[in-house]
Each structure stands twice: as C-alpha cells, then as structure tokens.
1. Please enumerate the residues belonging to segment B:64-95 that are surrounded by 19 or more Cβ atoms within 10 Å (Cβ to Cβ) and of a type in the set (G, A, S).
2. Against the conditions (1) closer than 29 Å to A:P369 by Cα; (2) not in a helix (DSSP H, G or I), where does A:E271 fall short? Just the number, please.
3. Hey, A:N356 hits all of (1) surrounded by fewer than 18 Cβ atoms within 10 Å (Cβ to Cβ); (2) assigned to a helix (DSSP H, G or I); (3) within 21 Å of the chain's Cα centre (by Cα) but one; which does it fall short on?
4. Six or more apart or on different chains, Cβ under 6 Å: which pairs go from a residue in segment A:145-169 that's crowded, with 18+ Cβ neighbours inside 10 Å to one that's among the acidic types (D, E)? Could you list them?
5. Give just the number: which of (1) of a type in the set (D, E, K, R); (2) within 18 Å of A:H238 (Cα to Cα); (3) without any contact (Cβ under 8 Å) to a residue 60 or more places away in the chain does A:D340 not satisfy?
6. Kindly check whether there is at least one residue in segment A:494-507 that is surrounded by 16 or more Cβ atoms within 10 Å (Cβ to Cβ) and in a helix (DSSP H, G or I).
7. Answer with yes or no whether B:G139 is surrounded by fewer than 19 Cβ atoms within 10 Å (Cβ to Cβ) and more than 14 Å from chain A (Cβ to nearest Cβ).
8. Regarding A:E259, is this residue within 13 Å of chain B (Cβ to nearest Cβ) and either within 28 Å of B:I70 (Cβ to Cβ) or in a helix (DSSP H, G or I) (or both)?
Amino acid sequence: MKKKTIYLLLAVLLIGSLALGACQQAPAEEPTEEAAEEEVYQPVSVEADSCDYGGKVLSVEALDDYTVEFNLCKPDPAFLAKMAFNVFAIQPSEYIAETGGGGKILEQPIGTGAYQLEAWNRGDSIVYKRFDDYWGESAEAETLVFRWSTESAARLLELQSGTVDYVTNITEEDIEAVEDDPELEVVPLPAPNIMYVAMTNTFEPFDNLDVRKAIAMGLDRERIVENFYPAGSEVASHFTPCSIPGGCEGESWYDFDLEAAQQLLADAGYEDGFETAIYYRDVYRDYLPRPGDVAVEIQTQLKENLNIDAEVVVMESGEFIDESTGGRLDGIYLLGWTGDYPHPTNFLDFHFSEQNPQFGDVFPSIYEPLEEASQIEDPADALGLYAEANNAIKENAPMVPIVHSTAAYAAKASLEGVNNPPFGSPIMRLIDPGKDTLVFMQNAEPISLYCADETDGESLAACQQVLEGLYRYNTEGRAEPALAKECTANDDLTVWTCDLQEGVKFHDGSDFDAYDVVASFGAGIDASNPYHEGNTGAWEYYSYLWDGLMNTEE
Amino acid sequence: MSTELNELQQKTQRDYRSNSLFWVTLRSIVRQRSAIIGGSILIFLVLVAIFAPVIAPYDPEEVLIGKEDIRKRESPCIHLLGCPEDQPQHILGVDGNVRDVFSRVIFGTRVSLFIGFSTVGFAIIVGTLLGAIGGYVGGWVDNLIMRVMDVLLAFPSLLLAIAIVTVLGRGLQNALLAIAIVSIPRYARVIRGSVLSIKEQEFVSASRALGGGNLHILFRRILPNAIPPLIVQGTLGIGAAILEAAALSFLGLGAQPPTPEWGTMLGSERNQVFTAPHLVFYPGLAIMITVLAFNLLGDGLRDAIDPRLKE
C-alpha cells in the first residue's frame, strides 16, 4: 500500500513538473527568434508617447545613416555641453543587442576612442592599447595603464618611486613636497565648483535681509580661502565660477567690511548678536576639503566679528542633504556644488529656481531673469540676464559664496601634453610619456566600464579613454564635436539635428552610424527599451540631466 | 593611681582610633607603590585642571590667524630647545585652526576629569540605589532589577553608548549621560553582592532586634560596610569612563568643537597622523597618562582594601 502511494505521488510530481516545464517552454523559445532579429538591430527611433512624462527628451530619431534628430519637450541651451558628457557615449547597436545591455558590456566596452581595452585585471589594473584605426590623431603612448589606490600618500609614493606617471588628488600638505621635487610637477585641477554659506530665510533671524547682508559682509572670506584651501583657490566673486562662459556677469560680491556689517546687524536689532548653529557634513569634497576646520573658522569669525554665537553641528551626510536642500535647517549651513557641464544653468538654475526651497522663500528677481535666459541658446546672448540675476543674488544674499576651490594632481615633469580639464577626466591620448607605456593612478577602481549607468568619477575616467560621444570636452573644458560633425538647433532650441562623421570605425571593426546613436541613447533614456539593463539600473545621469526617463511603468 | 588609669584610657582610645578601619586602610594604601604613583599623578592632574588658566599661555579656543605670524599645523617651537626667538613659542605646536595645542591639552584636563568624576558619580548613585534595593528586598524586585542590569551588560558598552547618543543627539552632556547609563550595572552588581552577604551578618540581626527600621538598617548599617569594593570599582571606572568619552568624541558624538577635549582633538586631526604627528600624539598621551593614573590607583586600592587579597 505504502509503496503504491509513493509511486503515485512520484507520478503526480513527474506529470506536474512536465506540465510546468511545458508551460514555460513557449516564452523560452522567443529569445532565439529575437536573436535572429538582433543581428540586424538597427533602431530608427526611440520616443515617448508625449511630453506629459515631464522629461526633456521627446524622441531621438535616425533621419538617415548619418543624421540624428533630437526632439526636446523644453528648450535646452546646455544641450551641447551635456552631450559632451561621457555618460552619453556611443557603442555599436549590434553589441548592445548582443549583450542585452548588461553583462559583458559592463566589462568590455566597444567604442571609437583612441584607446581600446586590452584587459581589466580586477583589483589591479586596466590595460589599454592604442587603436590604430582611430578617426582622429592617434594616441601618443602605445599602451595606457590605469591603476588605483585610495590613499593619497600611497599614490604619491608610487609617483616618486617612478612606477606611475600621473596621479590624482594629492593633499595640500603634499603639494609642497611635489613642488620641491624637480622630477615632478603639480597639475592643478581648475575649479568649476562653489562652496557657499547658506541661510534659510524662513527662519529667524535670517528672514531679515540686513542680517543676511551683515553676514555676507562680516565674513572674511579671504582669510578662509588663504588658510584652509589649497593654493590656487579663488575667493568667489560670483556664485558661478568665471571659468564657465557667462558665469560671472554683474557686480562682484561684497568686500569684507566689518563696520558696515556691524552697523547692519545693529540696524536689524541684533547689536549683541544672536545664537544659531552651523550645520555641515564631515565628507571630503573638492569644494570643502576640510569641513571641520572651515566650520570652526566660520564659528570663530561670527563670534569675533559679529558676536554671533554659533554651535557647530555635524550631521550625517544623507540627512544633511535632505534637510538643507529641503530648506529645513534653522541655522547656517556649509554646502557646495561641482559643475557637471560648463553652462551657468548648471549652477544658477539648479540653486535659485522657483522650485528650490533650500534658501527658504524664493526671489522672483533672481529666478525670472534665469528662466528667460534658459531659453537662449548662446550664453553670450544671455549675459545681460545673468548679470541681472547675479546682482539680484548679491542684493538678496540668500547665501554667501566663499570659494572656488582647486584640487591638485601630480605628474612626472618629463610628461608632455599633460592636461586636466575642468570637466571630464585627463585626456590620455594627448599625453606623451616619452616611452611606450603611460601609467595613470586614480583614487579607486572603476565600478564598471558601461558609464551610461555609472556616476563615479573613477569609472567615467576609465570609460572616457575608450568611448566617445557626439561631443567631447577639450582640455579647456569646452564642448567640441567628436562623433558628430556638428549639431544645430532650430530657433526655439527644441529640435537638435546632428550631422555625423562618416568612416568612423568601432574597436570591433564595425562602422559607426546613426542607428548606433539611437541604440545607445535608447538603452539609457527609454525605460521600456529591451536593453535598458545597465549595472545598477538607476541611469542617474540620464534621469538627472534630461529630467527623467521616458516610458517608465506606472 | 587615677592618672595611670587616665593614661591607660587615653592610650586605649588612641589605639582604637588609630586602628579604625579608615586608618588601617590608609596605612595599607600607602604601602602600595602603584597606588602612590597613581595618586600622585592624579593630584598633579587635578592641580593642572585647577590652575589651567595660569599654566596655559593662550585661551584654548583662541584662533591665532592674523594675530601671530604662524601657519596652521606648525610643529612645536620651544625657545629653550633652539627655536628662533623671533618665532612665537608653542610648546606642542598649533592645530588645524591655528590654536595653541599646549593650551588645549591643559584645558582638556578639566574636561576629562569632569567627565570621569561626573559620570562615575552619577552611575554610582543610581547603581548603588538599584543594587542595594535589589539585594536587600530580594524576591521579584531583585529579579527585575538584576535582569535589566543583565540586559544592559549584554551590550558592548561603547556600542550601547553610541546608540544612546544617537537617540539623544550629539553633544558632551548626552555623551556623559550615555556613559553613565552603560556603567550603572557594574556598580549595581558590586553593591548587591555586598549587601547580600552583609545583611546575613549578626550585627544586622542585632540592629533589627533593637527595632531598627528597614531604611535605617540598609543605609546606616549595611551600606557603609559595602562601600570599600565600590571605591575600587569606581576608581577603575573613572579611567574607563574617560576612555569611553574620548572614543565618543573621537567619533564626533561627544564634545563638540571648539571644546578642547582630547578625543575631539584626536578625531579632528586623525588624517594628519603622518604629516603633523604632534597633533595626535599629545592628546593621545594625555589620555593615556590620565587613564593610567586611575588604573594604578584603582589597582592599589584594591590590593589595600580587598580582604580576600590580605594575607
């Protein structure tokens, strides 16, 4: 009896599993059909149903083999500057389809760059070889090696011992050692960043304009920059650094004027000062390399200059960002911004738009000219509006711009063509080490080499050597055409037509054409795209720079 | 005859007085070399704390930017040891905000001793009450109190302190409270043990037979006899409390800038350990000396007081 039951059970199980298997077989067959199609994967367009999803991109279309058209929902004068961002690099449509937008593509990118990937030895190094069919001037060094070390002291040691040629961020204290060494040179990283002292005007006493102005005039910014920032850092004259075209129009910031500041504070009824807090997070940033020291310095200055008693409060990083950008901090806070692309919109519009509550109630006199300026393609034509906005910022003093900080890299003095652009990463193809191999050492190992779905600078630096987009940054940080001959806009800046280069070869030997552009963009911006896989699946830069991904579910 | 009797009486009284528990203990403490060394260092530290404004050449929170021609994180400059006379003298150098490290270390003594005594004082008072009640009353009250103490003891103390500070918020006061709370069980257990054994002794029964009330018996008869082990535990505990407070401050949870606290000083300059080692060495040394003093004194006291260690 018992045996029979067991057999019966086994038989039921067997039939059941067969039935289950049969049910699943049907969808399992589909990929093979798709695979047949994939060999000729040449998407003509990716598009959203309408602009209702809130993002900037309506569609990307291949008009013919070498013309691509971008239809935008809103005008975007920073379109070209964004295009030069390596996140929007182009890979062959066939390769994207073959890898499914994940897996192999994360480790073995195929681009059009001056270097092609030779090997990624996990945990040790990435080796690149010169790409002989490169469309531009070929790379100086035959072999390029990327290595990494998190400790700046270790990086410097390798540079001094000669095992590497070029290293990233050295500390302020080490700069002197590098300067004293005739074999080495300091390579400053220009400063498209800003550190500011912000006050939320919905809290007392910062709702009083005189109080904000008093703090703006009563802080000795030069003393802060001189004592707590590396040499080459500039006291900020405007919120946007002058290295950005159209960045510093209008009047310069207030000079340090103790008497005027004390007078203003007395006029506001606070001649004896008041109590407040200085909030910050203890996180290293180029614009704030020593948060603790700077916070205590500002605390000291507020006390000595204006008799304001400020308590220094360190906050957890995530909480600090949430609270400060939400306009919920009742005191002063130290925050900053590093530019993503060289356009004033990246600095001003983000911080002073009507929607941003981080300084409390918004100022129409600031955001109105900014809105108008954001519709104008050429920053040169918008200078007057930016001057107006900057003057309004100075007049209303929602924050005090302190410094455009600089960071420093170091290299062997014998290298030729060393560069360190303010946007993007060092352009290695231009560097001649005087030998076959150029070795670069950065802060950390890349996370993946599919940078469409990465945000960290280490990944982007490693990607940039292999992959190229329609535009790219030159050594000055300006966007210049790369795979596109030129992109032109219609009058209201909503349709951009890109004329592509012909005869460009990918590292796998295939030809570059408009469908590769559509495929690469589609994988990133279109959430319903079959190859929208990536590494984390977050596609942060696609989402942030184009105001959201299209065709998302829900 | 009567004078002889008087003398005898006085002698007995003297003997009695000099053989009292206090004098016996004091004599055996003095015989402990480690207690003497620890005690001397402690007296020195207390004097430093009291006379800090006299000893320190600068205000510990004074930023010297613009007042003296000196760079931040400058190495020590001592005129006697060959530092040029035209440079301002900073015995232990200056820190990242251009403040005199020597003055900060000196004033740090005040903060640390205050931390040690106040936390342990609080913990002893609460712990003694809980332990004494538990031990004397017994039954479910004892069970409840001691199980709660067991739960507190089950956490690693620093971790629990971090948790408490995270809930209460950063700052020296909250850090003190956290350290005090986590050290309560230690004293509660010591006291409970003593109370349990003492309450069975005959003089307690005698006191009860004479009509002494519970409070009278507990606080006048039992507790005074339970104190010696508490003194030892407390002295050792002060060292531990100073160390824990320094650890919390190092993590940025304790004393907030610009308070000159040794742990905070260590924490804010920890990345400069290779480029400006004096900024972490001296606060660290100060913590070590202070904790060592309390540990030596505590060990000496234990050897002197603990009857089990007596020959």
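The values are calculated or read from the model by the stated rules, or taken from the named source; none is laboratory data. The structure presented is a predicted model; accordingly, all values stated were derived computationally and were not measured. Note that each Cβ is placed from the backbone with ideal geometry, even for glycine, and that neighbours are counted across all protein chains shown.
1. B:G93
2. Unmet for A:E271, out of (1) closer than 29 Å to A:P369 by Cα; (2) not in a helix (DSSP H, G or I): (1).
3. It is condition (2) that A:N356 fails.
4. A:W148/A:E445; A:L156/A:D174; A:V164/A:E158
5. For A:D340, the exception is condition (3).
6. No, because not a single residue in segment A:494-507 is surrounded by 16 or more Cβ atoms within 10 Å (Cβ to Cβ) and in a helix (DSSP H, G or I).
7. So B:G139 fits the description; yes.
8. Taking the combined requirement at face value, the residue does not satisfy it.
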